[in-house]
Amino acid sequence: MATDNFNRANESPVLLAPWRMGSTQADSAWQLFSNQAIPAVASFVAWTYYDSTWTGDHYSQGTIGGPAIGSLFIGVGVRMQSTGERGYVLWDSAGTYKLERDDAGTFTTLISTIANSPSGGDVLKLQAVGSTLTAWVNGSIVGTVTDTTYSTGAPGMVGYGNSAQVTLDDWEGVDVGAGGGGGSGAAFRRGSMPLFGVS
């Protein structure tokens, strides 16, 4: 299990290790500002994963600062690849929750009918187990779909736009196969968590 509540001194121009960008994403960093994570550059997709040892079955969870408006988006990712912008994302995309697959900047919408209206303080969680992707908003399952494109990778976060609507806080990633569980109740957390680290 890895957590980061971002409650520390600002980190700019990029979040420090163990947060990493895909090696081909030189302009897609996140930074830490006022105890929240925010994309560092307004005009690039910010694609950052937590660099640790992960099984392919894990989840990523975080609290959004949105709702995102216009062309902005903010969310969490799983099976994020270390080389380029590839993996699965659950995000507030211009005011609508979507679950999408990102193939080097080409997005395929896997679930586009999530009924919840995004709001600041929403807790998003995306889990990958086998070929099944499950999305939660505020502890309730809002969609499930299967996709076999990516079977490994790391949990992390993704956004677009250097704006107060595009912030993420209280992030955590958990290996489901390592005892992290997958239930909507046990895995859902709101509020305080460890400052930063892996357990």
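The values are calculated or read from the model by the stated rules, or taken from the named source; none is laboratory data. Nothing here was measured: the structure is a model prediction, and the numbers come from that model. Every residue, glycine as well, gets a Cβ built from its backbone with ideal geometry; the counts of neighbours run over all protein chains shown.
Looking only at region 69-115, filter to residues that are among the polar types (S, T, N, Q) and in a strand (DSSP E or B); which one of those is farthest from Ala154 (Cα to Cα)? The extreme case among them is Thr96. For region 116-129: of the residues being in a loop (DSSP other than H, G, I, E, B) and in contact (Cβ under 8 Å) with a residue 40 or more places away in the chain, which is nearest to Gly56 (Cα to Cα)? Residue satisfying both the conditions and the ranking: Asp122. Considering region 27-49, the residues that are touching a Lys or Arg at 6+ places or on another chain (Cβ under 8 Å) and not in a loop (DSSP other than H, G, I, E, B) include one that is surrounded by the fewest Cβ atoms within 10 Å (Cβ to Cβ), namely Leu32.
Here Lys98 clears all of (1) in contact (Cβ under 8 Å) with a residue 60 or more places away in the chain; (2) surrounded by 16 or more Cβ atoms within 10 Å (Cβ to Cβ); (3) of a type outside the set (S, T, N, Q) except the condition numbered (1).
In the condition set (1) surrounded by 16 or more Cβ atoms within 10 Å (Cβ to Cβ); (2) in contact with a Ser or Thr (Cβ under 8 Å, 6 or more places away or on another chain); (3) at pLDDT below 90; (4) within 20 Å of Ile64 (Cα to Cα), Lys125 is compliant with all but (3). Among the residues making up region 151-173, those that are surrounded by fewer than 20 Cβ atoms within 10 Å (Cβ to Cβ), assigned to a loop (DSSP other than H, G, I, E, B) and not small (Gly, Ala, Ser) are Thr152, Asn162.
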